[in-house]
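The values are calculated or read from the model by the stated rules, or taken from the named source; none is laboratory data. If you're wondering where the values come from, they're calculated on a predicted model, not measured in any experiment. Glycine gets a Cβ as well: all are built from the backbone with ideal geometry, and neighbour counts include every protein chain shown. These area figures cover heavy atoms from the full protein model, side chains too; ligands, DNA and RNA do not enter into them. Shrake-Rupley method; radii C 1.70, N 1.55, O 1.52, S 1.80 Å.
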Amino acid sequence: MSINIKEISHENLDELKEISIETFVDTFKSQNSPENINDYVEKAFRTEKLEKELANEFSHFYFICYNQETAGYLKINTDDSQTERMGDEAFEIERIYIRSKFQRKKLGEHLIHKAVEVAMSLNKKCVWLGVWEENYNAIAFYKRMGFILSGSHSFFMGAEKQTDIIMTKTLM
C-alpha cells in the first residue's frame, strides 16, 4: 500500500472536475433530489469555477493517491477565500472527498493531517470546516480527529436550504 499526497495544478483540472462530481453525487444522491444535486453540481463544479478556485492564491487543492490511483482530494482556504469569515488566525477545510471504493482506508486522516500541517506552517491557530448536519459518518470522523461542534450556517443544495454544522480544531 502506498499513499501519496500531491498539490493539484491547472493541468489536473479535468481530473479534479471528474472526481468532484463523482464523489459529491455518490455521497449525497441518496438524501437529495436529482434536481437539487444536478443544480449544485452545475454551479459548484463547472470548469470556469474550478479554474478560478485553482488560481486563487489563498486556496489549495491536493490529490491523495492510493497505490498510484487518485482516491480523493482536499481543498483548503485561508484569508479571504474562506467560505465564512472566521478571522485571520483561522484556516478552512472546504472539501475532503474520497471516492467510494477508497473509503475506510484512513485516507481522510491523511488529508486532515496534511491540512493541519499546512495550517501550522502558516501559523494559524485553528482549523474549521462545515459538514452537513445529516452526514453522520463525517461528523463522527471529524470528532475522532479532534474537531468540536462550534456553530452552524446555511448551505443551499439547489433550492433547498440545509444546515451545515461548523466544527473547529484548535492548534497548539
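Counting only DSSP beta bridges with both residues in the chain, the antiparallel share comes to about 90 percent. Kirkwood Rh over Cα pairs of region 1-97 into Stokes-Einstein at 37 °C, 0.692 mPa s: D in µm²/s? Estimated diffusion coefficient is 229 µm²/s.
Note down the net charge around K75, summing +1 for each Lys or Arg and -1 for each Asp or Glu among other residues with Cβ under 10 Å from its Cβ. Neighbourhood net charge equals -2.
Calculated on C-alpha atoms, the gyration radius of region 49-136 divided by its Kirkwood radius gives an Rg/Rh of 0.97. Using the Cβ of N123 as centre and a radius below 14 Å, the other residues enclosed give a net charge of -2, where K and R count +1 and D and E count -1. For K52, the lysines whose Cα falls under 19 Å of its own Cα, not counting residues fewer than eight places away in the same chain, are K17, K43, K75.
Ordered from longest to shortest, the equivalent ellipsoid semi-axes for the chain are 22, 20, 17 Å, each the square root of 5 times a Cα gyration tensor eigenvalue.
Farthest towards the positive end of the charge dipole of region 67-148, among the residues I139, Q103, V118, is the Cα of Q103, using unit charges on the Cβ of Lys, Arg, Asp and Glu. Tell me the carbon and sulfur percent of the accessible area for the chain, rounded to whole percent, probe radius 1.4 Å. Here it works out to 48 percent. Based on protein heavy atoms only, the chain ends up with 54 Å² per residue of surface accessible to a 1.4 Å probe.
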